[in-house]
1. When the Karplus curve 6.51 cos²θ - 1.76 cosθ + 1.60 is applied with θ = phi - 60°, which whole-Hz ³J(HN,Hα) does each residue of segment 126-140 get, with x for Gly and Pro?
2. Could you check how much of the accessible area of segment 127-180 is carbon and sulfur, as a whole percent, using a 1.4 Å probe?
3. Rounded, prolate or oblate, given the Cα gyration tensor of segment 98-144, with a/c below 1.5 counting as rounded?
4. Between residue 166 and residue 56, what length comes free when the chain is fully extended (0.36 nm per residue of separation minus the Cα-Cα distance, one decimal in nm)?
5. With a probe of 1.4 Å, find how much accessible area segment 41-180 has per residue, and write the answer as a whole number in Å².
6. Counting pairwise Cα distances across segment 36-137, what percent come out greater than 16 angstrom?
7. Tell me which of 158, 80, 173 sits at the most positive position along the dipole axis of segment 69-180, charges placed on C-beta atoms (Lys, Arg +1; Asp, Glu -1).
8. So how many Å³ per residue does the convex hull of the Cα atoms of segment 108-180 work out to?
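The values are calculated or read from the model by the stated rules, or taken from the named source; none is laboratory data. Note that the coordinates shown come from a computational prediction; the quantities given were computed from them, not determined experimentally. Cβ: placed from backbone, ideal geometry, glycine included. Neighbour counts: every protein chain shown. Remember, those area values only see protein heavy atoms, side chains included, never the ligands or the DNA or RNA. Shrake-Rupley method; radii C 1.70, N 1.55, O 1.52, S 1.80 Å.
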Amino acid sequence: QIVTTAELQPSAEDISEEKQTMELITQFEKPTLASENAMTKGFDVVTDCSDHHFVKEIGHENVKRGWVKKIQQEWSILQNDLPDGIHVRVYEERMDLLRACLVGAAGTPYHDNLFFFDIFFPPDYPHEPPSVHYHSGGLRLNPNLYESGKVCLSLLKTWAGTGSEVWDPENSTVLQLLLS
């Protein structure tokens, strides 16, 4: 059956119903989430970490107080200083896990590509760098990101480097890692 253009146009009745529905929706107040302001900056807190690559890692149950304080500092830095194009999700129940999504920068071969990383803070963090797994989707889009999920980066001690290129427990941060 052939449908004419006129038949695809909404009728006055359809438009009226749509307006009424929109008016009804706007009458309800939008619920405010605790992390809503942070979400607009690319940082949010969720509870379900079941699909995280490092979810089966152990050691987070018996970490020292200094570890918790350091992770809270990392969260604060990320919440306040994330640049456009980097989005971070942390987990309320598992402070040792973090997920990041990086958007490829304009003017690069990676423009608007999405790069997903799962990050694990080991019990001896920050004396050791976090572990990072790249979700490749079976593709190798960058010479330092492998299909297996390996990330070659001197900050992670998976590549050679010197000076500020290597992990420094006193100065290195997850934000520095994500920017790299």
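1. Listing the rounded values in order: x, 5, 10, x, x, 8, 10, 10, 8, 8, 7, x, x, 10, 10 Hz.
2. Ligands and nucleic acids excluded, carbon and sulfur reach 51 percent.
3. Details: a/c = 2.66, a/b = 2.22, b/c = 1.20.
Prolate.
4. 36.9 nm
5. On the way: 7830 Å² over 140 residues.
Per residue, segment 41-180 has an accessible area of 56 Å².
6. Summing the P(r) tail past 16 Å for segment 36-137 gives 59 percent.
7. The residue sitting farthest along the positive end of the dipole is 158.
8. Roughly 96 Å³ of hull volume per residue.
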